[in-house]
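This report concerns only the one structure given below.
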Amino acid sequence: MFLILFVILNLQADDLTKSKQAITEMHKEAKSSQQKINKWDDETKKLLTLYRSTLNKTENLKIYNEQLSSYIKSQKEEVLEIRKKIEEVKDTGKEIVPLMLRMLDSLDQFINLDVPFLLTKRKKRIQELKDILNRSDVSISEKYRQLISAYNLEQDYGRTMESYREIKEIEGKELTLDYLRLGRLVLIYKSLDGNHMSYWDKKSKQWKNLPKSYKKPVTKAIKMAKKQIPPDLVKLPIFPPSSNTEKKL
């Protein structure tokens, strides 16, 4: 009887030990499974974060591509517009170059027919303009600007008073002369010693002797033009083509 009871107790003890071992194994497996679950959860979170980041970048890239496409389209339109303007400029150049040549030719003829003051300087300016118009490295706008500048200078001569000095051959001798120009109305020269004094006659287009009585007023007017003395009234000869009437200035 005792033996049977001992055997039963031993069997129960063995079962209990086995149960404990089974429970221990279950706990180990559960712990291992939980660790795997935690690891998978962390990886899932990382993948989700990466997915969201990639999705955000993709959306930003989509927006950027749309903006870039719009920019490229705008650039293409600008290029087409620039090419159109270039063609228009080329066409304009074909028209404006002959116009500038005619303008320069007219200016040259005008100087030849005008009162003969500062001829060397003015003729040199015409030649420089001709050279500029023939140069390929100068833009059309710059050529036009310089041509208009020359026109403005010629226009200014008509409303200014000046005196300048040049050497001129008179009666076989080279003399230093003081020239007096009042607009385009009066052009007079006087030698430094005052023995030679002439005015430009527009009607005959020749130099004519000026009476000695004009020596003092001409000398005074020259000093006024050089700003050596203040402006004042002087008596100078003005001979319009239709008369020989003198006028006071």
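The values are calculated or read from the model by the stated rules, or taken from the named source; none is laboratory data. Source: prediction; values computed, not measured. Heads up, the Cβs are rebuilt from the backbone with ideal geometry, glycines too, and the neighbour counts pull from every protein chain shown. Heads up: the accessible areas ignore ligands, DNA and RNA and are worked out on the full protein's heavy atoms, side chains in. Shrake-Rupley method; radii C 1.70, N 1.55, O 1.52, S 1.80 Å.
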Open item on the list: What are the pairs with Cβ atoms under 7 angstrom where one residue, in region 118-143, is closer than 21 Å to ASP178 by Cβ and the other, located anywhere, is at pLDDT 95 or above and not in a helix (DSSP H, G or I)? Sequence gap at least six, or different chains.
Closed with: LEU118/TYR164
Open item on the list: Can you find a residue that is open to solvent by 90 Å² or more (accessible area, probe 1.4 Å) and modelled with pLDDT under 70 anywhere in region 68-77?
Closed with: yes
Task: Cβ pairs under 7 Å, 6+ apart, first in region 209-233 and under 18 Å from GLY183 (Cβ atoms), second assigned to a helix (DSSP H, G or I) - done: PRO231/MET224; ASP232/MET224
TODO: Assess whether LEU118 counts as being under 21 Å from LEU107 (Cα atoms), out of contact with any Gly (no Cβ under 6 Å at 6 or more places or on another chain) and not basic (Lys, Arg).
DONE: yes
Open item on the list: Please verify whether LYS36 is in a helix (DSSP H, G or I), more than 28 Å from the chain's Cα centre (by Cα) and either of a type in the set (A, V, I, L, M, F, W, C) or modelled with pLDDT of 75 or more (or both), treating the condition exactly as stated.
Closed with: no
Open item on the list: If a residue counts only when it is open to solvent by less than 50 Å² (accessible area, probe 1.4 Å), over 30 Å from PRO211 (Cα atoms) and not hydrophobic (A, V, I, L, M, F, W, C), which strands (runs of 3 or more DSSP E) contained entirely in region 88-199 have at least 1 such residues?
Closed with: none
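Among the residues of region 207-222, what is the count of those that are basic (Lys, Arg) and open to solvent by 90 Å² or more (accessible area, probe 1.4 Å)?
Adding up the residues that qualify gives 2.
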